[in-house]
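> The structure under discussion is supplied below as structure tokens; questions concerning it will follow.
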Amino acid sequence: MYGGQAVIEGVMMRGPRDFAVAARRADGTVAITCEEVPKSLRPAWQKLPFFRGSYALVDSMALGTKALFWAAKVAEAGTTDRKDTSASPSASKATDMAIGGAMVTGLIMAIGLFKVLPQLLIEPVRNATNWAPWQLGLVDVVVRLCIFTGYISLVARMNHVNRVFMYHGAEHKAINALEHGKDLTVANVQAESRLHPRCGTSFVVLVIVLSVLAVSPFYGLPIWYRIPIQLLLLMPVAGVGFELLRLAGKFRDNPIAAAVSRPGMWTQLLTTREPDDSMVEVAIASLKAVMDAEENRHMTASSADAITVS
């Protein structure tokens, strides 16, 4: 499976062992970098069912943030030579520190918006009513989804974020074309949907719903108990959500799988936009780069096995 993420004026694509980032320079050319995924992001347990969901959270944050910083450097440099050290996601300690700071800040914001704030908002309802856990859970789901969609709608009003959403659409179209067995041409990719069942947006929506189901037995407890319980349940919930999302992507024509992925697909209408041809070209360049890297790795491994056997 290949996956990806939109970045500033570009797209990051990830394979099993490698990842590539392509970004449009100010002069119109496309800068491309491709690296092996660090071993620290390929632990032995990454392929274990229900464990790989929590791994996916860390992986997407780490590689995604690296890709964002690399794309930002390309955009700032304008005509940066692709062999320049600034065109490497792991260029400097200063960049690594900035990436780490951005990850921590993003994590704190996510916890505050989707874990702490909803509990603060439903606490008066819990205290003023004798509602059953399922009723409080329904309120919780509505509150979290309103926060999420409201935040997305607000940031989408920024021009540069809107362009990132267009590249997000280009990334989905390229992956859809690949999975449908089409040649990666601009025309073929543009004909595909900008929505994809394995999107991170769908993952977020699924985790929101599952986390409410997981915490619903504890609505009778005070808020200072519920919030730590939610945090402890985050990784198991992410594991279950990831498996459901994989199944939904694998069995797209199954009505149950379609029902599981549908809320997330609807939400993708907010986080994706129809891309132009130049954006699709960047997505194709990124996907081809990581596919070539994976193929070369496979051929090298096959040659080594052949030499060993002989």
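All of the numbers you see were taken from the coordinates with simple rules; none came from a lab. Since the model is a prediction, treat every value here as computed from it, not as a measurement. Every residue, glycine among them, receives a Cβ derived from its backbone with ideal geometry; neighbour counts consider all protein chains shown.
> What is the extension gain from residue 105 to residue 256, computed as 0.36 nm multiplied by their sequence separation minus the C-alpha to C-alpha distance, in nm to one decimal? Don't skip to the end; give the middle numbers.
Values: separation 151, 0.36 × 151 = 54.36 nm, distance 3.66 nm.
Additional length available on full extension: 50.7 nm.
> So, in nm, how far is label residue 77 from label residue 225 when the simple model puts each one 7 Å beyond its Cα toward the Cβ?
Going from the residue 77 label point to the residue 225 one covers 5.5 nm.
> Along the principal axes of its C-alpha atoms, what lengths does the range 160-310 span, in descending order and rounded to whole Å?
For the range 160-310, the Cα extents along the three principal axes come out at 63, 48, 34 Å.
> Three principal axis extents, largest first, for the C-alpha atoms of the range 108-189, in Å?
59, 29, 20
> Further question on the same structure: Please find the FRET efficiency linking residue 29 to residue 276, where r is the Cβ-Cβ separation and R0 is fixed at 25 Å, and quote it to the nearest 0.05.
On the way: r = 17 Å, r/R0 = 0.66.
FRET efficiency, residue 29 to residue 276: 0.90.
> Further question on the same structure: Exposure proxy check: 149, 272, 105 ranked by fewest other beta carbons within 10 Å?
Details: 149 15, 272 25, 105 10.
Fewest to most other Cβ atoms nearby, the residues stand as 105, 149, 272.
> Right, here's the next one. For residue 158 and residue 247 in one chain, what is 0.36 nm times their gap in residues minus the Cα-Cα distance, to one decimal in nm?
Numbers: separation 89, 0.36 × 89 = 32.04 nm, distance 3.43 nm.
Taking residue 158 through residue 247 to full extension adds about 28.6 nm, to one decimal.
> Relative to the present Cα-Cα distance, how much length would full extension add between residue 146 and residue 295 at 0.36 nm per residue of separation?
On the way: separation 149, 0.36 × 149 = 53.64 nm, distance 4.30 nm.
Stretched fully, the residue 146-residue 295 segment lengthens by 49.3 nm.
> Hey, another quick one. Compute the projected area of the convex hull of the Cα atoms of the range 138-225, averaged over all viewing directions, and report it in nm² to one decimal place. Walk me through the intermediate numbers first.
Numbers: hull surface 31.3 nm².
Average projection, Cα convex hull of the range 138-225: 7.8 nm².
> Another question, if that's okay. Just want the ordering: 173, 115, from fewest to most Cβ atoms lying within 10 Å of their own Cβ. Let's see the in-between values first.
Values: 173 27, 115 18.
Ranking 173, 115 by Cβ neighbours within 10 Å, fewest first, gives 115, 173.
> Same structure, new question: Please compute the contact order of the range 195-310 in relative form: average sequence separation of alpha-carbon pairs under 8 Å and at least six residues apart, divided by the residue count, as a percent. Walk me through the intermediate numbers first.
Details: 67 pairs, mean separation 41.9, N = 116.
Computed value for the range 195-310: 36 percent relative contact order.
> Within the range 259-298, name every residue whose backbone N is under 12 Å away from a label modeled 7 Å from Cα of residue 121 along the Cβ vector.
none
> Taking neighbour Cβ counts within 10 Å as the exposure measure, how do 277, 292, 253, 140 sort from fewest upward? Can you show the working numbers first?
Values: 277 11, 292 14, 253 6, 140 26.
By the 10 Å Cβ count, ascending: 253, 277, 292, 140.
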